[in-house]
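The values are calculated or read from the model by the stated rules, or taken from the named source; none is laboratory data. In this text the structure is predicted, and so the values were computed from the model without any measurement. Note that we place each Cβ from the backbone using ideal geometry, even for glycine, and neighbour counts take in every protein chain shown. We work out accessible area using only protein heavy atoms, side chains counted, and drop any ligands, DNA or RNA first. Shrake-Rupley method; radii C 1.70, N 1.55, O 1.52, S 1.80 Å.
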Amino acid sequence: MMKEIHSYWAYLVVIMLAFAFVNAIMGLNKKREFTDKDIRIGLFTLIVSHIQLLIGLGWYFMSGPYKSLKADSASVMSDSDLRLLAVEHPLMMLIAIVLITIGWSKHKKKTTDASKFKTFVIFYGLALLLVLSRIPWNQWFQF
C-alpha cells in the first residue's frame, strides 16, 4: 500500500512542481507582481514535495531495492534498473527537495517581484529537471 501512495502522490508532486515552474516563468516574462497566489503555489509545492519525501523514505526502507543494497551492493550497482531504484532515484529526489526548500527560503529574502520569480524559476526548475530525470518511467504507468 505504501508504494501505491508514493506512486500516486508523485503525480501531484510533478504537476505542482511543473505548475509552479511555469507560473514563475510567466510571471517573470510578463513582469507581473508577485502576489499571494504565487506564494501559495510555491508553498503548496513545497508542502506536497515534503510529504512525498516522508512517504518515500518510509517506503524506501521497507523496499526490496534497499534490502538488496544492504545485502549485496556490488550486484545492485551493476544492475541499472536496481541501481535506479536503490540509489539514483532516492538521491536525486532528495536533492530536488533540497532545491525546492532552498528556492522557497531564498525567495522570501528577495525584494523585487522579478527576483522572486527568478528564484523560483531557477530552483524549482532544477528540481523539476532532477525529478523528471530519475522517475522510474518503466514503472510510472503500471498500476
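Brief remarks follow.
- One residue alone among 99, 91, 130, 126 is within 30 Å of residue 69 (Cβ to Cβ) and either surrounded by fewer than 16 Cβ atoms within 10 Å (Cβ to Cβ) or modelled with pLDDT under 95 (or both), and that residue is 91.
- Each residue in region 23-35 was checked for being open to solvent by 20 Å² or more (accessible area, probe 1.4 Å) and either polar (S, T, N, Q) or within 15 Å of the chain's Cα centre (by Cα) (or both), and 2 pass.
- Pairs where the first residue, in region 58-72, is surrounded by 13 or more Cβ atoms within 10 Å (Cβ to Cβ) and the second is of a type in the set (D, E, K, R) and outside any helix (DSSP H, G or I), C-beta under 6 Å, 6+ apart: none
- Every test in (1) crowded, with 16+ Cβ neighbours inside 10 Å; (2) not in a helix (DSSP H, G or I) is passed by residue 111 save one, and that test is (1).
- Whether a residue is more than 12 Å from the chain's Cα centre (by Cα) and modelled with pLDDT under 95 was assessed, and residue 137 passes this test.
- Residue 17 vs. criteria touching a residue at least 60 places away in the same chain (Cβ under 8 Å) and farther than 24 Å from residue 136 by Cα: no
- Taking region 1-80 and the helices (runs of 4 or more DSSP H) fully enclosed by it, the elements with 3 or more residues that are among the aliphatic types (A, V, I, L, M) are at 2-29, 36-60, 73-78.
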